[in-house]
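Quick notes on the structure that follows.
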């Protein structure tokens, strides 16, 4: 149950104990590639109804609270003053400069067209995440939340002090507009909020969402993640068209506003001094920088050199080679630049080579398994990655949700009804990636791969692997968006060619990559799937059949499997933690043994920063990079001691 105002490639949200990518610069940071949704001006603004006019369900007990949690009770009581992991007295001021890879041509993230720049800081959501609980939220725009014992609906009462940056109040009509607009024109939001059958304004400051099912305790939390957009700003009276790209800084109600834009290159945010929510418990000790600057780079090498030259402040290093060889410059040696690795308690993402199973050549799982057998991770780790990575072998890597050993009795309760629909290995073997400790193992794995390809109907003719029935040659294209990742693919390409597979590598710019990914115009891409410790409805988006053919949907693999769909529903409707864990492990097994991906690797999050910032004494367990940048602050003393600063 994790969703943010970020793209599928963001990897910042609840991302990981570590970072899986290599040579994909700034993958950890705010990524603005994926728009929120395509909004429509015809979206309803809702009608404010008196409470008596709203049809009432059968009498049942309701709960009104300041917070929601999927695991037990919320940690923080209604009278809490601040989160434990913040410095409530953190000073305000200073400037934080960040770097993003790529470019942008719009500041409207609500349309599919264009590549939007960062705008997340402009908007508030109904509720705010806690970074020291696995899955918990507390009121932000919403002052309180009410739900019945069967979770059949949820109501949010809004703060009457909530204001847009133009001074107008945030109302229930804005929330209804936001919901209707987000779900009208984008498959992700349509799927994510698919269980909502009615969205209604009960008063100027109260909204209710009614669901098409009961017993799904995650649905209220999902609605709490709704970004709230200003209906009056997009009503067309000033000629604005929310369905079009624009470089006009948008109106929001959040802690920052955009003050300066250099198209394609830079976006500057200024802290809103009179931000309506600055004194809320969920905001104390947060949003501490006066200025937040995002600069875009088109070259990874140039980005690294810019950091060394103090053009931006904080960098997460995704390249093992760079981490091993590039961080011995003078500022590191004399302490002006601090190197630090971070871990968190959430699963490491499954970063992997992803097959487009919509293409017939990848429809057989034996073909996909053969590709994994040809992948020599051990050689890459030694010769390319400086032995810094660990191979990923779970979609819930490093957590209690990871499937290990043989299925437990609780897992078997869920899996036995699916026997015959899932690979038999699910019941009999613990999944392990093939290993290549020596050349003998490499040859053995290639022989096994060749055997699987023959079983699947592929034969080698004149050195080329062809389909024995159609005569089609096995050709594959690896679609990349970072040239530096080519050094990872090229050794893999050589191994595939030993099997008669004609492999090619195509690197395109981020806009082309986004377009091809969203229209499923690829053979193999590198994708990453981040998980929380409380998976839920987002599993439908990742693996569910309904999203397999919807352009722009998150199911890049194209999975259409009733058994997978059934296990997803077991996760969503798990009545207790024990069942949720068992269902997640069962799903993990089925996904792994279907060989939908070639798992890659992970490592602790490697970071470098210019020594001018303060961090809380106790860092949150469920956020990457110690809650950066939300709970960090500018340290005047440290900055003064850091000579060479360009501040």
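Determine, for 178, 348, 237, the number of other Cβ atoms within 10 Å of each Cβ, and report the residues in order from fewest to most.
Starting with the residue having the fewest Cβ neighbours, the order is 237, 178, 348.
Taking R0 as 30 Å, what FRET efficiency do you get between residue 512 and residue 311 from their Cβ-Cβ distance, rounded to the nearest 0.05?
0.65
Contour minus end-to-end for residue 470 and residue 105, with contour as 0.36 nm per residue of separation and end-to-end as the Cα-Cα distance?
Residue separation times 0.36 nm, minus the Cα-Cα distance, leaves 127.0 nm.
Going by Cα centres, segment 499-544 and segment 211-269 are how many Å apart?
For segment 499-544 versus segment 211-269, the Cα centre distance is 26 Å.
Go ahead and collect, in residue order, the members of segment 134-157 whose backbone nitrogen is under 20 Å from a label point 7 Å along the Cα-Cβ direction of residue 198.
Inside the label zone: 145-157.
What FRET efficiency comes out for the pair residue 332/residue 161, r = Cβ-Cβ distance, R0 = 56 Å, nearest 0.05?
For residue 332 and residue 161, the calculated efficiency is 0.75.
Strictly greater than 16 Å: what percent of every Cα pair in segment 528-647 meets that?
71 percent
Using only the Cα atoms of segment 173-286, each taken as one equal point scatterer with no solvent, compute I(q) by the Debye sum, divide by I(0), and report log10 of the ratio at q = 0.10, 0.12 Å⁻¹.
-0.41, -0.59
Once Rh for segment 269-322 is found with the Kirkwood sum over Cα pairs, what is the Stokes-Einstein diffusion coefficient at 4 °C and 1.567 mPa s, in µm²/s?
In µm²/s, the coefficient is 93.
Using helices alone, I'd like the mean residue ellipticity at 222 nm for the chain: each DSSP H run of four-plus residues gives -39500 (n - 2.57), total over residue count, nearest 500.
For the chain, the value works out to -6500 deg cm²/dmol.
Across segment 249-289, how large is the tail of the calculated P(r) beyond 12 Å, expressed as a percent of all Cα pairs?
The proportion of pairs with Cα distances above 12 Å equals 62 percent.
Could you work out the equivalent-ellipsoid semi-axes for segment 201-355, taking the square root of 5 times each eigenvalue of the Cα gyration tensor, largest first, in whole Å?
37, 24, 19
Determine one quarter of the surface area of the Cα convex hull of segment 263-388, which equals its mean projected area, and express it in nm² to one decimal.
13.7 nm²
Would you mind giving the average projected area, over all directions, of the Cα convex hull of segment 57-145 in nm² with one decimal?
With every direction weighted equally, the projected area is 10.0 nm².
Taking 0.36 nm per residue of separation and subtracting the Cα-Cα distance, what length does fully extending residue 64 through residue 460 add?
135.9 nm
Which ordering of 186, 232, 205 is given by a fewest-first count of other beta-carbon atoms within 10 Å?
Going from sparsest to densest Cβ surroundings: 232, 205, 186.
What list do you get for 350, 303 if you sort them by fewest beta carbons within 10 Å?
303, 350
If one puts a single equal scatterer on every Cα of segment 136-239 and applies the Debye formula without solvent, what log₁₀ I(q)/I(0) results at q = 0.10, 0.18, 0.21, 0.25 Å⁻¹?
The computed values of log10 I(q)/I(0) come out as -0.27, -0.86, -1.14, -1.49.
Considering only DSSP beta bridges with both partners in segment 416-517, what is the antiparallel share in %, to the nearest 5?
40 percent
Could you compute Rg(Cα) / (2.2 N^0.38 Å) for segment 444-510, with N its residue count?
My calculation over the Cα atoms of segment 444-510 gives 1.24.
Once the principal axes of the Cα atoms of segment 419-555 are found, what is the range along each, listed largest first in whole angstroms?
So the extents along the principal axes, rounded to whole Å, are 45, 42, 36.
Could you tell me the extents of segment 342-455's C-alpha atoms along the three principal axes, largest first, rounded to whole Å?
45, 44, 29
Taking every DSSP beta bridge that has both residues in the chain, what percent is antiparallel when rounded to the nearest 5?
Counting only bridges with both partners in the chain, antiparallel ones make up about 80 percent.
Read the figures in this text as sums done on the coordinates, not as results from a lab. A quick note: this is a predicted structure, and the numbers were derived from the prediction, not measured. Here Cβ is always computed from backbone atoms with ideal geometry, including for glycine, and neighbour counts include all displayed protein chains.
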